[in-house]
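*Asks:* Questions regarding the structure given below will be posed in turn.
Read-outs: derived from the displayed coordinates by stated rules, not from any lab. These numbers were taken from a predicted model, which means no experiment stands behind them. Note that each Cβ is placed from the backbone with ideal geometry, even for glycine, and that neighbours are counted across all protein chains shown.
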Amino acid sequence: MSGKKILICGNEACGEGAVMAGCAFYAGYPITPQNELTSYMAKRMGETGGVFIQAETELAAINMVLGASAAGVRAMTSSSSPGVSLKQEGISYLAGCELPCVIVNMQRGGPGLGNIGPAQGDYFQSVKGGGHGDYKLIVLAPASAQELMDYTALAFDLADKYRNPVLILGDGLIGQMMEPVTLRTGEYKPQRVEKPWALTGCAGRKQNIIRSLLLGDGALEEHNKKLQEKFARMKEAEVRAESFNAKDSDIVLVAYGSVARTAKAAMQAARDSGLKVGLIRPITLWPFPEKMIQEAAGTCNKFLVVEMSAGQMVEDVRLAVNGKREVHFYGRMGGGIPTEAEIVRQIEALA
Amino acid sequence: MKTGKKKIDEGKAGTGSNIAACPVSLKAAENHYCAGCGHGIVHRLVCEAIDEFGIREKTIAVAPVGCAVIAYDYWDFDVTEAPHGRTPAVATGIKRVRPNNIVFTYQGDGDLAAIGTAEIIHAANRGENITVIFVNNGVYGMTGGQMAPTTLAGQKTSTSIYGRSLRNHGYPLRMLEMLAVLPGAKYLERVAVNSSHEVLRARRAIKKAFKMQIDGKGFSMVEVLSMCPTYWGMTPIQAADRIKNEVATFYPLGVLKSC
């Protein structure tokens, strides 16, 4: 089986990554463009002896995940933008209770009901909090079906490692596009950790309590400090990004997810016509690859951030650049997809 | 709740000779409930049932948001909190991955009958093999005595200061009667804790609800009519009398369903 190549859509690849990581519980609610994932989990949980529940609401789905996670198993839910908004309450509780889980958001056009086209308008919600209170999620942004499989598996390992929810931020494009995916059978091994905190029944030990409510004088501040120390450790250890020609460029593109693939093609086209263009592609949106951006700011002249939004990640690029270089933006919204030609035109205008 | 009394043997609790002893599942803790509140009684009845079946070490409770939010300060078994009303969804997640554990929710009327209406209906409809203890005192106690879905017509609360108007606020919700039509709900009983006689009946009902789960029979729920003297503006005695004279006339006591 190792190395076997199959043709599946990104949503299914994401599900297979979860199965590969030993996901034993999935709860979801129908919403386009991620329905292939829910259907895939219905099938695969049945085959692997895991639990699949089609929940009555997104609220119920994320809270079923909270329960399964509290009970010590690897658990996942998925949705798309409006549904992920509904999950934010649960995500805040999961972070506050330090419960690991994986949440998938295959973004669609917004705001409101929007449409079912691909979009990246949930960046702020994903990396700046989303729910109430001070918390962070590790946010992974795969750019292909293969990465959806690999990073979903990684997401489970990271969630357990830090006792924190991890978000897979995709979009309708990579979720529904079919691509060849190499299975990692025999190659990937889940990084299991002990979970002495899990609710298993108190036989042979004191009771375990899972809570985010801390009413004692100063107790919640202490808890928050502990969480912030954990987030600092994540920030130190879990930044992932890739760069192409970033040190040898006048203009550095910054794009993530499916847009990064188009941006890469635009970079190549621009280079073919003699323009010195590079690309930085954040793979973790939080923690954000600030250092890589800062280093590029030392050698390039301008940045061009490309997103399927009105300009959200561009703010983090500006924070990292800190006024040293011009940071420009090109975006499409509401299901509009930046094309290679459009990006090249933007590059030419800046060159 | 504060007690220095001796603990009784786990698995042998609730026998007549040990009636005054403290259940093993109940911790010695400072009581945070108001005078005349029913929660202390219901906490104890739950612990007695758990002791009696010898299931303390396999029990996992889901506490609500409401006055019983810190139930884990009193209970000596595994407990998780849940977002307001999502209690049955959290219990579903736990029970499905740990079917051999005993999982119960403990919810108030705001948690179960307002913000968590969808969760309780669907957990019952799926026939989740869990036990639900529903404490109905007709007000939001923790937040200061606001109107609940179960507040009786004409009852004054901080958000129905002229009395609950059916025209403006709708009718009090009878949750058990709603759930009774669902094939997934297997045991539904309404009890009260306003007198020693009713407490004994409540005790039997709560035991039955746990026994249903132990036997794998599916969803069981006990609604407990409970007193809130503080937000009813009454003495504990008056509040207990009100259960009999007013509350139980709208929410009739007894078994609604037993399969």
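*Asks:* Determine the distance separating the Cα centre of region B:186-243 from the Cα centre of region B:109-150; give it in Å without decimals.
*Replies:* So the two Cα centres are separated by 14 Å.
*Asks:* Please name whichever of A:244, A:26, A:200 sits farthest to the positive end of the charge dipole of the protein assembly as shown, dipole taken about the Cα centre and charges placed at Cβ: Lys and Arg +1, Asp and Glu -1.
*Replies:* Checking the options against the dipole of the protein assembly as shown, the answer is A:200.
*Asks:* Over the Cα atoms of region A:242-350, compute the convex hull volume and normalise it per residue, giving Å³.
*Replies:* In region A:242-350, the Cα convex hull volume per residue is 84 Å³.
*Asks:* For residue A:240 and residue A:213, what does the FRET efficiency come to when R0 = 30 Å and r is the distance between their Cβ atoms, rounded to the nearest 0.05?
*Replies:* E between residue A:240 and residue A:213, to the nearest 0.05, is 0.35.
*Asks:* Per residue of chain A, what 222 nm ellipticity follows from adding -39500 (n - 2.57) for every DSSP H run with n ≥ 4, rounded to the nearest 500?
*Replies:* So the helix-based figure for chain A works out to -13000 deg cm²/dmol.
*Asks:* When chain A is treated as a GNM, springs tying every alpha-carbon pair under 10 Å, which of A:270, A:159, A:203 comes out with the largest mean-square fluctuation?
*Replies:* In this elastic network of chain A, the residue with the biggest mean-square fluctuation among A:270, A:159, A:203 is A:203.
*Asks:* Could you check which residue among B:50, B:237, B:102 shows the biggest mean-square fluctuation in a GNM of chain B with a 10 Å Cα cutoff?
*Replies:* Per the Cα network of chain B with a 10 Å cutoff, B:237 tops the list.
*Asks:* Ok, one more. Between residue A:299 and residue A:315, what length comes free when the chain is fully extended (0.36 nm per residue of separation minus the Cα-Cα distance, one decimal in nm)?
*Replies:* Length difference between fully extended and current span is 3.7 nm.
*Asks:* Send over the Kirkwood Rh of the protein assembly as shown, from the inverse of the averaged 1/r over different Cα pairs, rounded to one decimal Å.
*Replies:* Taking the inverse mean of 1/r over all distinct Cα pairs, the protein assembly as shown comes out at 26.0 Å.
*Asks:* Same structure again: Based on alpha-carbon centroids, what's the gap between region A:1-69 and region B:27-41 in Å, whole number please?
*Replies:* The distance from the Cα centre of region A:1-69 to that of region B:27-41 comes to 43 Å.
*Asks:* Then there's this: Given chain A reduced to its alpha-carbon atoms as identical point scatterers, what log10 I(q)/I(0) does the Debye formula return at q = 0.12, 0.14 Å⁻¹?
*Replies:* Log-scaled intensity ratios, in q order: -0.85, -1.12.
*Asks:* Compute the acute angle (0 to 90°) between the alpha-carbon long axis of helix A:10-20 and the principal axis of greatest extent of the alpha-carbon atoms of chain A; round to the nearest 10°.
*Replies:* Approximately 40 degrees, to the nearest 10.
*Asks:* Could you work out which residue, out of B:85, B:38, B:170, moves most in a Gaussian network model of chain B, that is, has the largest mean-square fluctuation with Cα springs under 10 Å?
*Replies:* Of B:85, B:38, B:170, the Gaussian network model singles out B:170 as fluctuating most.
*Asks:* If you don't mind, there's one more thing I want to ask. Once amide H atoms are placed 1.01 Å from N in the peptide plane, what residues at a sequence separation of 5 or more from residue A:253, or on another chain, have their amide H within under 5 Å of its amide H?
*Replies:* Answer set, sorted by chain and number: A:278, A:279, A:280, A:304.
*Asks:* Take every DSSP beta bridge with both residues inside region B:16-258 and express the antiparallel ones as a percent of the total, to the nearest 5.
*Replies:* 25
*Asks:* Can you figure out the FRET efficiency of residue B:180 with residue B:29, using R₀ = 30 Å and their beta-carbon distance, to the nearest 0.05?
*Replies:* 0.25
*Asks:* Could you tell me the calculated FRET efficiency between residue B:167 and residue B:241, based on Cβ-Cβ distance and R0 = 35 angstrom, to the nearest 0.05?
*Replies:* Here the calculated transfer efficiency is 0.75.
*Asks:* Within 10 Å of each residue's Cβ, count the other Cβ atoms and sort A:101, B:37, B:259, B:228 from fewest upward.
*Replies:* Taking fewest neighbouring Cβ atoms as first place, the list is B:259, B:37, B:228, A:101.
*Asks:* Additional query: Let me know the mean shielding of B:56-64 by other chains, meaning the per-residue number of their Cβ atoms within 10 Å of its Cβ.
*Replies:* Taking the mean over all residues of the peptide, I get 5.
*Asks:* Moving to a separate point now. Arrange B:111, A:248 by Cβ neighbour counts within 10 Å, fewest through most, would you?
*Replies:* A:248, B:111
*Asks:* Also, I was wondering about something else. Out of the GluC sites (Glu not before Pro) in region A:171-231, which ones are loop residues according to DSSP with at most 14 other C-beta atoms within 10 Å?
*Replies:* For GluC sites (Glu not before Pro) across region A:171-231 that sit outside H, G, I, E and B with at most 14 neighbouring Cβ atoms in 10 Å, the list reads A:187, A:194.
*Asks:* For a quick check: sort B:26, B:182, A:319 by the number of other beta carbons within 10 angstrom, fewest at the front.
*Replies:* A:319, B:182, B:26
*Asks:* A further question on this structure: Return the distance in nm (one decimal) between the two label points of a simple spin-label model at residue A:39 and residue A:269, each offset 7 Å from Cα along Cα→Cβ.
*Replies:* Placing both labels 7 Å along Cα→Cβ, they lie 3.3 nm apart.
*Asks:* Label point 7 Å out from residue B:259 along Cα-to-Cβ: which residues of region B:187-214 have amide N under 17 Å?
*Replies:* Within reach of a label on residue B:259, which here means backbone N under 17 Å from a point 7 Å along Cα→Cβ, region B:187-214 contributes B:187-189, B:209-214.
*Asks:* Still on this structure: Counting DSSP beta bridges with both partners in the protein assembly as shown, what percentage is antiparallel, nearest 5?
*Replies:* 25
*Asks:* Right, next: With point charges of +1 on the Cβ of Lys and Arg and -1 on the Cβ of Asp and Glu, referenced to the Cα centre of region B:16-258, which listed residue (B:219, B:239, B:63) lies farthest in the positive direction of the dipole?
*Replies:* Of the candidates, B:219 comes out farthest on the positive side.
*Asks:* Here is a follow-up. Label-point separation (nm) for residue A:341 and residue A:226, each offset 7 Å from Cα along Cα-to-Cβ?
*Replies:* Output for this residue pair reads 5.8 nm.
*Asks:* Here is a further query. Can you work out ³J(HN,Hα) from phi for every residue in region A:333-340, in order, using Karplus 6.51 cos²θ - 1.76 cosθ + 1.60 and θ = phi - 60°, giving whole Hz and x for Gly and Pro?
*Replies:* 10, x, x, x, 10, x, 8, 4
*Asks:* Subtracting the Cα-Cα distance from 0.36 nm times the residue separation, let me have the gained length for residue B:249 to residue B:143 in nm, one decimal.
*Replies:* Working it through step by step, the gained length comes to 35.5 nm.
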